[in-house]
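Participant: Sharing a structure with you now.
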Amino acid sequence: MKLHYFYFLIAALLFSTNLSAKKTPMYPVSDIPEELKEGANAVIRLDRTNIKINSIYDIDYRHETAITILNESGDSYADVMVGYSKTISLSNLQIALYDAQGALIERIKNHEINDYSASGESMFSDDRVKHYEPIQKNYPYTIVYSYTQKLNEYTTIAGWYPYAGSKCSVQKSSYTISSANPELFKYKMYNSDQKPIIRKASGITNYSWEANDLKAYKYEPYASPYSLRGPFLRVAPTTFQYDKINGSTASWNDLAKWFSKLNEGRDVLDENTIAEVKNMVKDCPTDFEKVKKLYEYMQNKTRYVSIQVGLGSQQPFPAQYVQDKSYGDCKALSNYMKSILKIVEIPSYYTIITSANKQRDLDTTFVRNFGNHIVLMVPMQKDTVWLECTSKFSPCGFLGSSTDDRTVLAINENGGKLVRTSVYKMEDNTQEKRGEIIVKADGTAEAHITEVCRGLQYSYLAGMSHLSPEDQKKKIYSDLELPDFKIKSHAVSKELTRIPSSTLELDLDIRNYASKSGDRLFIPLNLINRRSNVPKKVKNRETDIYYKREYCDTDTIHFSLPEGYEMESIPEKKVIESDFGSYTSEAIKDGNKVTYIRKMVYKKFEYPAERYDELRTYIKAVVRADKAKLVLKRKV
């Protein structure tokens with residue numbers, strides 16, 4: 001009897017312990033400090049990365065994340081995306097959802113996790129992604145996930161970025177990298193003076209960093225990219241092996257030699273192609289004309305596809321493959337272009353670049369494999385021609401805003417060197433609008449407008465040129481800020497010079513262009529290119545103000561005024577000067593006509609946060625000036 005009672009007590013204790021364990025809350029929202037909720041849509045409760053480097057071709061990753069989604073605007077932070085491929089194995093992917101109290105909602109089953117190609121519509125890709133997007137409407141909730149990856153080849157090592165993005169605070173984030181041979185990797189911390197905690201045990205050296213209780217950072221107008229100011233850690237291998245080819249990051253030239261060896265022998269083309277290429281350029285008077293001719297040939301012949309098969313993520317397909325198949329990725333197409341230039345004895349450099357509109361420029365003191373794109377650099381006698389080989393429409397020698405003005409690594413047969421891509425100046429990046437507007441007594445108007453965009457402003461209209469005429473009209477209706485208008489005719493064209501230009505010609509009927517009040521007619525001088533918005537006021541601004549490029553817009557509009565009216569008032573000339581840009585506008589009367597001339601200069605700048613109000617004051621003055629109107633009065 002006593003024995004039965006003893007067993008009963010043990011069973012009850014075990015049941016009670018088990019029940020208690022099941023009810024232990026996981027990341028209840030009540031554990032989040034109030035200051036981390038302020039201005040946040042999500043809170044990273046835990047983000048833990050552990051990396052073990054076993055050899056120059058073997059790395060283990062272990063990652064664990066718990067993130068609380070406070071409201072609908074934070075849902076994007078709940079997306080789980082984990083990659084794998086033939087060289088990256090993925091195991092132990094576990095995902096669970098918890099409610100605000102920390103009670104389990106559900107554990108996600110494997111069949112609920114999407115699995116698809118990492119390259120979208122790529123015809124050639126080994127890279128795949130496991131993707132899970134929770135559907136939750138009860139906020140807040142917490143998603144917890146973890147996984148393990150093993151890399152049997154690598155040229156890069158994932159770094160540490162405590163912040164996931166704006167309006168997302170961090171309760172705890174940690175990063176540990178370990179190895180029996182710590183000389184296999186190097187690191188550099190940016191925007192922080194934090195040093196690693198170094199521990200040694202059982203022949204393994206661990207380097208650890210940790211961040212706690214980081215408040216959410218908010219979006220602020222004219223802020224520099226977060227990579228320029230937020231804390232992050234870069235890590236890179238000192239030596240590595242990829243497809244049995246050893247590489248080193250001891251110097252940029254050493255890294256370039258690895259790329260050169262990787263590309264060795266991939267520029268061979270058959271005799272028929274060699275003869276065809278030579279024949280194509282036999283009448284070209286200059287090297288630039290030869291480059292242009294062959295670049296346009298390549299654009300017409302080939303198309304871009306993403307290639308991520310085997311070494312495809314690092315190594316270009318052979319030039320002959322592209323010649324035969326007429327497709328390739330950025331690596332293959334750049335290598336192909338390099339190969340056909342070699343036939344006509346024009347040297348060029350296969351060039352590693354980071355393609356992005358906003359990014360930190362390459363740190364030349366920290367050698368690492370970088371970049372997400374390849375372009376071709378062709379040195380000429382007086383300057384350098386840059387070729388974007390994935391575009392069927394880019395002009396020869398022109399780079400857009402995602403690849404201009406940055407440091408890149410140009411590769412040749414013996415190594416390589418760091419160089420800088422083209423910098424487009426203010427006089428290159430222009431928008432010019434000219435117009436004739438006939439204003440009628442009832443307030444309607446007929447307008448003929450010509451808009452010419454050059455340099456880094458070229459792409460807007462150039463992109464429109466590839467749309468159907470009907471889609472072009474839809475875009476014009478969407479983009480043109482006029483009260484009520486009808487397009488009578490339009491035409492889009494482009495000129496593919498080194499500094500390209502695109503042109504839009506428009507004929508419009510505009511209702512209510514001018515407004516009537518009694519015997520007066522109010523005619524706005526600038527409805528075609530006006531600045532109408534002022535950046536919002538920011539209390540206690542934290543970030544510097546930043547504008548990356550220079551532009552210049554000019555407008556010359558000729559108004560024909562209606563009969564039966566006389567000028568009552570005409571705006572005075574307006575001149576606004578500032579460190580951020582300049583603005584001038586003037587209305588000149590000549591009989592029954594008025595010519596409106598406007599020029600706005602956008603300067604490149606970076607100033608401390610305290611000057612943000614000055615920037616707003618300047619923009620407010622521009623907005624007011626752009627509201628200028630002629631006032632006509634009916635003749636008695």
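A short reminder: the numbers here are calculations on the coordinates, not readings from a lab. Note that the structure is predicted; figures quoted are calculated from it, not measured. All Cβ positions, glycine included, derive from the backbone under ideal geometry; neighbour counts span all protein chains shown.
Participant: Tell me, what HN-Hα J-couplings in whole Hz come from the Karplus equation 6.51 cos²θ - 1.76 cosθ + 1.60 at θ = phi - 60° for each residue of the stretch 218-228, using x for Gly and Pro?
Facilitator: Whole-Hz 3J(HN,Hα) from phi for the stretch 218-228: 9, 5, 10, x, 6, 7, 5, x, 4, 5, 7.
Participant: Which three numbers, in whole Å and largest first, are the semi-axes of the equivalent ellipsoid of the stretch 40-81 derived from its Cα gyration tensor as √(5λ)?
Facilitator: 30, 10, 6
Participant: Rounded if a/c is under 1.5, else prolate if a/b beats b/c, else oblate: with a ≥ b ≥ c from the C-alpha gyration tensor eigenvalues square-rooted, which is the stretch 447-590?
Facilitator: It comes out oblate by the Cα gyration axes.
Participant: Out of all DSSP beta bridges with both ends in the chain, state the antiparallel percent to the nearest 5.
Facilitator: Taking every DSSP beta bridge within the chain, about 85 percent pair in antiparallel fashion.
Participant: While we're on this one: So what is the 222 nm mean residue ellipticity for the chain from helices alone, if each DSSP H run of at least 4 adds -39500 (n - 2.57) and you divide by all residues, rounding to the nearest 500 deg cm²/dmol?
Facilitator: Mean residue ellipticity, 222 nm, calculated: -5500 deg cm²/dmol.
Participant: Under 8 Å for C-alpha pairs, at least 6 residues apart: give me the relative contact order for the chain, rounded to a whole percent.
Facilitator: For the chain, the relative contact order is 10 percent.
Participant: After finding the eigenvalues of the alpha carbon gyration tensor for the stretch 45-149, what semi-axes result from the square roots of 5 times each, listed largest first in whole Å?
Facilitator: 27, 18, 11
Participant: Along its three principal axes, how long is the chain when you only count alpha carbons? Whole Å, largest extent first please.
Facilitator: The principal-axis extents, from largest down, are 119, 73, 44 Å.
Participant: Tell me the Rg and the Dmax, in Å, that the Cα atoms of the stretch 517-598 produce.
Facilitator: Final numbers for Rg and Dmax: 17.5, 56 Å.
Participant: Moving to a separate point now. What is the packing order of peptides 197-207, 329-339, 446-456, taking the mean over residues of other C-beta atoms within 10 Å and listing the highest first?
Facilitator: 329-339, 446-456, 197-207
Participant: Could you tell me which of L504, V538, V601 has its Cα farthest along the dipole of the chain towards the positive end, charges placed at Cβ (Lys, Arg +1; Asp, Glu -1), taken about the Cα centre?
Facilitator: Positive-end residue among those listed: V538.
Participant: Within 10 Å, count the other beta carbons around each residue, average over each peptide in 569-582, 65-78, and list them highest first.
Facilitator: My ranking of the peptides, most packed first, is 65-78, 569-582.
Participant: Percent antiparallel among DSSP beta bridges with both residues in the stretch 470-624, to the nearest 5?
Facilitator: Within the stretch 470-624, antiparallel bridges account for around 100 percent of the total.
Participant: Would you mind listing how long the stretch 160-310 runs along its three principal axes, going by Cα atoms, in whole Å with the largest first?
Facilitator: Taking max minus min along each principal axis of the Cα atoms, the stretch 160-310 gives 67, 48, 28 Å.
Participant: Between V419, Y565, T617, whose Cα lies farthest towards the positive end of the dipole of the chain when Lys and Arg beta carbons carry +1 and Asp and Glu beta carbons carry -1, centred on the Cα centre?
Facilitator: Farthest along the dipole direction, towards plus: T617.
Participant: Over the stretch 556-636, consider all pairs of different Cα atoms and compute the Kirkwood hydrodynamic radius from their mean reciprocal separation; express it in Å, one decimal.
Facilitator: 14.6
Participant: Tell me which residues come under 5 Å, amide H to amide H, from Y565 once H is placed; ignore anything under 5 positions away on its chain.
Facilitator: Under 5 Å from the amide H of Y565 lie the amide H atoms of K635, each far enough along the sequence or on another chain.
Participant: Which listed residue (Y304, I274, T249) has the Cα farthest towards the positive end of the charge dipole for the stretch 233-307, taking +1 on Lys and Arg C-beta and -1 on Asp and Glu C-beta about the Cα centre?
Facilitator: T249
Participant: Kindly give Rg over Rh for the stretch 96-238, based on alpha-carbon atoms, with the Kirkwood expression for the hydrodynamic radius.
Facilitator: Looking at the stretch 96-238, the ratio lands at 1.00.
Participant: Suppose every Lys and Arg Cβ carries +1 and every Asp and Glu Cβ carries -1, with no other charges. What dipole size does the stretch 281-357 come out with about its Cα centre, to the nearest 20 debye?
Facilitator: 100
Participant: Test of understanding: express the Cα radius of gyration of the stretch 219-262 as a ratio to 2.2 N^0.38 Å, with N the residue count.
Facilitator: Cα Rg divided by the expected 2.2 N^0.38 Å: 1.79.
Participant: Compute the signed sum of charges (Lys and Arg +1, Asp and Glu -1) over the other residues within less than 12 Å, Cβ to Cβ, of K537.
Facilitator: Cβ neighbours under 12 Å give a net charge of +3.
Participant: Taking the Cα centre of the chain as origin and charging only Cβ (+1 Lys, Arg; -1 Asp, Glu), how large is the dipole, in debye to the nearest 20?
Facilitator: That gives a dipole near 980 debye.
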